[in-house]
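Step one of this worksheet: look at the structure below.
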Amino acid sequence: MIHDKSITAFRDAQKVLPGGVNSPVRSFKNIDRQPVFIESAKGSKIRDVDGNEYIDYVGSWGPMILGHAHPDVLGSLQDTLVKGTSFGAPTELETQMAELVIDMVPSVEMVRMVNSGTEATMSAIRLARGYTGRNKIIKFEGCYHGHGDSFLIQAGSGALTLGLPDSPGVTQSTANDTLTARFNQPDSVQALFEANPHDIAAVILEPVAGNMGVIAPVPGFLETIRSLCDHYGALLIFDEVMTGFRLAKGGAQELFGFKPDLTTLGKIIGGGLPVGAYGGRKEIMEHIAPSGPIYQAGTLSGNPLAMSAGYATLQLIRNTPDFYGKLEAKSARLESGLQEAIDSLKLNAVINRVGSMFTLFFTHGTVQTFGDVTRCNTATFARFFKLSLDAGIYLAPSQFEAGFVSAAHSEEDIKQTLAASYQALDQLRG
Ligand code: HOZ
């Protein structure tokens with residue numbers, strides 16, 4: 001593959017953008033390769049500025065569950081666009097969007113729209129602190145809740161990938177209010193509650209971890225956290241930025257039959273435009289201004305273009321018969337094909353999958369904890385990533401991220417991906 005234009009584009013970008021990108025995960029820095037610059041995308045395929053086409057499993061890091069440039073979403077955007085792009089005043093579309101989210105997500109009775117997942121999580125913990133009158137939160141090692149100061153403590157995603165889990169610039173006093181527990185190890189949560197029985201406002205977690213690679217909750221883990229929160233009077237916040245509308249129409253909470261007190265949403269809810277949201281029990285949500293005293297605001301919150309892309313996406317998901325069943329079947333075929341390749345090549349690799357989220361970890365045994373994740377061979381991952389990219393498969397450039405299958409991936413895409421992956425895995429043995 002030729003990447004001349006991408007190389008030039010990256011050189012130019014580095015002169016004016018820190019690291020040449022607007023978000024660190026895009027830089028390919030950890031795998032010691034230049035990023036490809038994207039020109040366009042359609043369905044399951046993404047095309048770079050040199051004209052190379054890839055089967056895309058990044059999906060803009062999660063939002064593109066329908067595939068790229070879906071005609072319903074584009075049509076809805078075009079209809080909205082001609083009426084004006086921002087008013088800073090209420091629109092009926094915001095109410096319709098809120099009604100749809102409340103209808104789809106089991107625990108959400110009231111919702112506030114924001115502009116990103118980061119904004120959603122930052123606002124949710126402010127609400128939890130204001131509501132409970134307590135300062136501390138518990139998060140989990142390797143979980144990532146965006147780049148708010150309180151969350152850049154033992155953080156996953158790009159922070160973990162680039163070796164920056166505790167970012168400079170976060171003050172010690174902020175860090176002191178973030179307690180860190182171990183994912184899938186409920187005793188670690190219990191110990192923190194026992195040591196701080198009256199101080200914890202909320203526990204926030206990705207119910208299925210996606211930002212240290214995909215890890216499902218072990219049986220009993222979510223249950224224990226729920227009962228500890230109830231016992232100690234803390235709120236339970238599910239960060240469903242990644243899992244919301246991805247694992248089921250009502251996200252992980254529908255899949256596992258759980259009701260958190262608050263839920264944060266992002267990615268799919270914006271249909272490819274910048275949207276986040278947080279919602280939950282009405283009695284808690286009514287503490288937000290102007291109903292209540294806890295302040296949170298935004299010039300572009302509920303923006304009409306963002307609402308229309310999100311609304312079209314969610315409607316299509318809700319109205320497509322067996323939407324998640326079809327996604328599950330395709331994703332299961334990808335998983336079993338990769339597993340066969342691992343077995344027949346006798347490789348040290350583990351595939352974790354929940355619904356249409358997956359990660360191929362280069363390690364042995366099982367991957368259930370952050371400790372398991374840190375034992376992965378990132379150099380082998382980097383080789384696999386580069387071989388896959390050269391074979392036309394676009395994966396997240398990090399061992400510590402999720403891959404996403406979309407409704408647009410065809411059987412042929414899955415077949416091609418498995419054939420290319422087999423060859424790449426085979427070459428790793430050499
Ligand atoms: N939350 C995304 C997946 N880990 C990362 C997106 C980004 O940081 O740009």
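Read the figures in this text as sums done on the coordinates, not as results from a lab. Every value quoted in this text rests on a predicted model; they were computed, and no experiment measured them. FYI the Cβ positions are ideal-geometry reconstructions off the backbone, even for glycines, and counts take in every protein chain you see.
Restricting things to Cα coordinates, could you compute the convex hull volume per residue of the range 303-363 in Å³?
Working: hull volume 5.5 nm³, N = 61.
So the per-residue Cα hull volume is 90 Å³.
Overall, the chain carries a charge dipole of about 540 debye about its Cα centre when +1 sits on the Cβ of Lys and Arg and -1 on the Cβ of Asp and Glu, all other atoms neutral. The GluC sites (Glu not before Pro) of the range 315-392 include none that DSSP puts in a loop with a beta carbon having at most 11 other beta carbons within 10 Å. Evaluated on the range 109-197, the Kirkwood hydrodynamic radius is 13.9 Å, with distances taken between all distinct Cα atoms. Rg and Dmax of the range 1-51, both derived from C-alpha coordinates alone, stand at 11.2, 32 Å. Shown is the FRET efficiency for ALA69 and LEU162, computed with R0 = 25 Å from the Cβ-Cβ distance and rounded to the nearest 0.05: 0.25. Distance between the 7 Å Cα→Cβ label points at GLN416 and THR224: 4.5 nm.
Can you pull out the trypsin sites (Lys or Arg not before Pro) in the range 2-81 that DSSP calls coil and that have at most 15 other Cβ atoms within 10 Å? Display every interim value, and only then the final one.
Numbers: sites: LYS5, ARG11, LYS15, ARG26, LYS29, ARG33, LYS42, LYS45, ARG47; in loops: ARG33.
Within the range 2-81, the qualifying trypsin sites (Lys or Arg not before Pro) (loop, at most 15 other Cβ atoms within 10 Å) are ARG33.
Arranged from fewest to most other beta-carbon atoms within 10 Å of their beta carbon, THR174, THR118, THR161 become THR174, THR118, THR161.
Farthest toward the positive end of the dipole of the range 153-269, out of GLY250, PHE238, VAL208, is the Cα of GLY250, where the dipole comes from beta carbon charges about the Cα centre. Entry for the chain at q = 0.07, 0.08, 0.11, 0.13 Å⁻¹: log10 I(q)/I(0) = -0.32, -0.43, -0.84, -1.19, Debye formula applied to identical alpha-carbon scatterers, no solvent contribution.
Sorted fewest first by neighbouring Cβ atoms within 10 angstrom, ILE225, ILE351 come out as ILE351, ILE225.
Each 5 Å bin, from zero up to the one with the longest distance, holds this percent of the alpha carbon pairs of the range 54-175: 2, 8, 12, 16, 18, 15, 13, 11, 5, 1. Which residue, chosen from LEU179, THR118, TYR54, occupies the Cα position most advanced towards the positive end of the dipole of the chain, where the dipole is computed from +1 (Lys, Arg) and -1 (Asp, Glu) charges on Cβ about the Cα centre? Selected residue: TYR54. Residue exposure proxy: VAL170, VAL275, VAL114, ordered by other Cβ atoms within 10 angstrom of their Cβ from fewest to most, comes out as VAL170, VAL114, VAL275. Qualifying trypsin sites (Lys or Arg not before Pro) in the range 322-376, where qualification requires a DSSP coil assignment and no more than 14 other C-beta atoms within 10 Å, comprise LYS346, ARG375.
Volume per residue for the range 254-311 equals 98 cubic angstrom (convex hull of Cα atoms). Spacing of the modelled spin labels on ALA195 and HIS364, each 7 Å from Cα toward Cβ, amounts to 3.4 nm. Hydrodynamic estimate: the Kirkwood radius of the range 12-90 over Cα pairs, inserted into Stokes-Einstein at 37 °C and 0.692 mPa s, corresponds to D of 218 µm²/s. Label-to-label distance, ASN176 versus LEU345, with points set 7 angstrom from Cα along the beta-carbon direction: 5.1 nm. Radius of gyration (Cα atoms) of the range 273-430, expressed as a multiple of 2.2 N^0.38 Å: 1.35.
For the range 190-270, the normalised intensity computed at q = 0.11 Å⁻¹ comes to -0.29 (log10 of I(q)/I(0), Debye sum over alpha carbons, equal scatterers, no solvent).
Legend: calculated FRET efficiency, ALA297 to VAL82, from the Cβ-Cβ distance at R0 = 41 Å, rounded to 0.05, equals 0.90. The alpha-carbon of LYS45 sits under 13 angstrom from the alpha-carbons of these aspartates and glutamates, leaving out residues fewer than 8 places away in its chain: GLU53, ASP56, GLU412, ASP413.
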